[in-house]
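Asker: Before we start, here is the structure in question, set down as structure tokens.
Bear in mind these aren't lab numbers, they're just calculated from the coordinates by the rules spelled out. None of these values were measured; they are calculated from a predicted model. For neighbour counting, all protein chains shown are included, and Cβ atoms are generated from backbone atoms with ideal geometry for every residue, glycine included.
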Amino acid sequence: MKILILGVNGFIGHHLTNRILADTDWSVYGMDLADDRLGKTLNNPRFHFIEGDIAINREWIEYHVKKCDVVMPLVAIATPKLYVEDPISVYNLDFEMNLNIVRHCVKYHKRVLFPSTSEVYGACADPEFKEDESFLVVGPIQKERWIYSCCKQLLDRVIYAYGTRGHLDFTLFRPFNWVGPRLDSLDVAKEGSSRVVTQFIAELLMGRPINLVDGGLQKRCFTYVDDGISALMKILENKDDACKHQIINIGNPYNEASVKELATLLKKIFMEHPEHKKDGAYSEIREVPSESYYGKGYQDIYTRKPSIEKARKLLGWEPKVGLEDSLRMTLYSFLEENKGAIC
Ligand code: UDP
């Protein structure tokens, strides 16, 4: 099988590529703006990388959609701070650019595995979000945070419509707060605009305060990347066509924690690390209002728990890595990779 991965150097892209090359005889064709997460993978003869931009290298993309069997368009802005700071860029990249790719898949009759998001459920009140039943609930237009959710939802609907009209073979997958090595760059976190786990790790490394937005009682379910990648591998295998035209949550409902619990746990893990045991002083954990942290356009999501019944049934998949292990492996890999970089 030949797989085209756009955004191959991203968090999901590079972990998936490594697993594909290690466990199968498939080939990966990948494009990204950079290659810093790919390391030795670049030397693998079954990996074909080009440095490029999906907004510019359109001919390369069209040619490779035609050439490959499965397409995974993983390029997107997926950081809440950017949803409120630059909603137009979120729309252009996450919706328009990706729609172009989806249309190529329609034109060349290719299977697409498209990353939807847990964010599409928005402020849904269900205790567990179900792919085929839950309502997708977003806030008013002035709350610009929701542009990401809306872009992804509309694209989900367009893909679904192409699929059910017989023009596209698709699977939509919805990651729920995946964490793991190389989640986000620490440079971005230094500026204070990263996703929560990387942000807290960066604060701990720099000895800056950890900010609990609006008290930190909001909850997320954190999924270890290796578990998530195992689910994606099963979707790629697509035994008996089980995933055709399906929407599948990929998350770990057992790893639920409030942002406050997350901060406390990460701080504990950091303090246990051999190189930081004797630091003496550690980041304080403090509360900040969302308006001063994110700006007026922000609105939060208080609970976000996946139902994984469909993933269990269709993929025979179950997440295995618990919360503390997931955070420990994530934090320690950041420490390993950034030795001496921040003090
Ligand atoms: N958050 C926080 N402090 C930070 C960064 C994020 O309290 O320094 C909160 C944020 O308000 C949200 C949760 O952590 O409730 C998860 O944020 P993330 O950026 O990871 O994305 P989300 O899960 O909302 O898509």
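Asker: For region 75-123 and region 162-227, what is the centre-to-centre distance using only Cα atoms, to the nearest Å?
Answerer: Using only Cα atoms to place each centre, the spacing works out to 16 Å.
Asker: Tally Lys/Arg at +1 and Asp/Glu at -1 over every other residue whose Cβ is under 12 Å from the Cβ of Gly52; what's the total? Before the final figure, lay out each step's value.
Answerer: Working: positive: Arg58; negative: Asp32, Asp35, Glu51, Asp53, Glu59.
Every neighbour counted, the sum reads -4.
Asker: With a ≥ b ≥ c taken as the square roots of the eigenvalues of the C-alpha gyration tensor of region 287-343, please select rounded if a/c is under 1.5 and otherwise prolate if a/b is larger than b/c or oblate if it is not? If you can, show how the numbers build up before the last one.
Answerer: Numbers: a/c = 3.34, a/b = 1.17, b/c = 2.85.
Oblate.
Asker: While we're here: If you place +1 on the Cβ of every Lys and Arg and -1 on the Cβ of every Asp and Glu, how big does the dipole about the Cα centre of the chain come out, in debye to the nearest 20?
Answerer: Values: 44 positive and 48 negative charges, 101 e Å.
In total the dipole reaches around 480 debye.
Asker: Could you derive backbone 3J(HN,Hα) for region 307-312 from the dihedral phi with the Karplus parameters 6.51, -1.76 and 1.60 (θ = phi - 60°), listing whole Hz in sequence and x where the residue is Gly or Pro?
Answerer: Those phi angles translate into 7, 10, 4, 5, 4, 4 Hz.
Asker: Count the net charge of all other residues whose Cβ sits under 12 Å from the Cβ of Leu93, scoring Lys and Arg as +1 and Asp and Glu as -1.
Answerer: Details: positive: Lys152; negative: Asp53, Asp86, Asp94, Glu96.
Computed value for this residue: -3.
Asker: Okay, moving on. Rounded, prolate or oblate: pick one for region 214-280, where a ≥ b ≥ c are the square roots of the eigenvalues of its C-alpha gyration tensor, a/c under 1.5 means rounded, and failing that, prolate if a/b is larger than b/c, else oblate. Show your work: numbers first, answer last.
Answerer: Numbers: a/c = 5.85, a/b = 2.12, b/c = 2.76.
Judged from the Cα gyration tensor, region 214-280 comes out oblate (a/c at least 1.5, b/c at or above a/b).
Asker: Cβ under 11 Å from Asn18's Cβ, Asn18 left aside: what net charge do those residues give with Lys, Arg +1 and Asp, Glu -1? Intermediate results must be reported in sequence, preceding the final value.
Answerer: On the way: positive: Arg19, Arg37, Lys40, Arg182; negative: Asp23, Asp226.
Residues near Asn18 contribute +2 overall.
Asker: What does the helix-only formula give at 222 nm for the chain: each DSSP H stretch with n ≥ 4 adding -39500 (n - 2.57), the total divided by the residues, and the result rounded to the nearest 500 deg cm²/dmol? Please list the in-between numbers first.
Answerer: On the way: 13 runs with 131 residues, N = 343.
Taking each H run of at least 4 residues, the total per residue is -11000 deg cm²/dmol.
Asker: If you build a Gaussian network model of the chain, linking Cα atoms that sit under 10 Å apart, which residue out of Lys190, Lys278, Lys244 swings the most?
Answerer: Looking only at Lys190, Lys278, Lys244, the biggest GNM fluctuation is shown by Lys278.
Asker: Please state the Cα pair-distance histogram of the chain with 20 angstrom bins from zero: what percent is in each bin?
Answerer: 30, 60, 9, 0
Asker: Can you find, among Cys221, Leu314, Ile12, the residue farthest towards the positive end of the dipole of the chain? Put +1 on the C-beta of Lys and Arg, -1 on that of Asp and Glu.
Answerer: Most positive-ward Cα: Leu314.
Asker: Give the long-range amide H neighbours of Gly30: residues separated by 5 or more places, or on another chain, with amide H under 5 Å away, using H modelled in the peptide plane at 1.01 Å from N.
Answerer: The list, which skips near neighbours in sequence, is Ile5, His48, Phe49, Ile50.
Asker: So in the chain, what percent of DSSP beta bridges are antiparallel if you round to the nearest 5?
Answerer: Details: 3 of 37 bridges.
Beta bridges within the chain, antiparallel portion: roughly 10 percent.
Asker: Shifting gears a bit: Starting at the first residue of region 317-322, write each ³J(HN,Hα) from the Karplus equation 6.51 cos²θ - 1.76 cosθ + 1.60 with θ = phi - 60°, in whole Hz, x for Gly and Pro.
Answerer: 10, 8, x, 10, 8, x
Asker: Further, regarding this structure: Applying the Karplus parametrisation 6.51 cos²θ - 1.76 cosθ + 1.60 with θ = phi - 60° to the phi angles of region 120-135, what ³J(HN,Hα) value in whole Hz is obtained for each residue in order, glycine and proline being reported as x?
Answerer: Per residue, the Karplus-derived 3J(HN,Hα) values read 5, 6, x, 8, 4, 8, 4, x, 9, 7, 10, 4, 9, 10, 5, 7 Hz.
Asker: Starting from the Cα of Lys190, step 7 Å along the direction of its Cβ; do the same at Leu33; then give the gap between the two resulting points in nm.
Answerer: The two pseudo-label positions are separated by 1.7 nm.
Asker: As a quick test, which of the pairs Lys107/Lys130; Lys81/Lys219; Lys110/Lys244 have an alpha carbon distance above 22 angstrom in this structure? Numbers along the way, then the final one.
Answerer: Numbers: Lys107/Lys130 31 Å; Lys81/Lys219 18 Å; Lys110/Lys244 12 Å.
Listed pairs above 22 Å: Lys107/Lys130.
Asker: Once amide H atoms are built 1.01 Å from N in the peptide plane, which residues 5 or more positions from Asn255, or in another chain, come under 5 Å H to H?
Answerer: Residues meeting the amide H criterion: Phe222.
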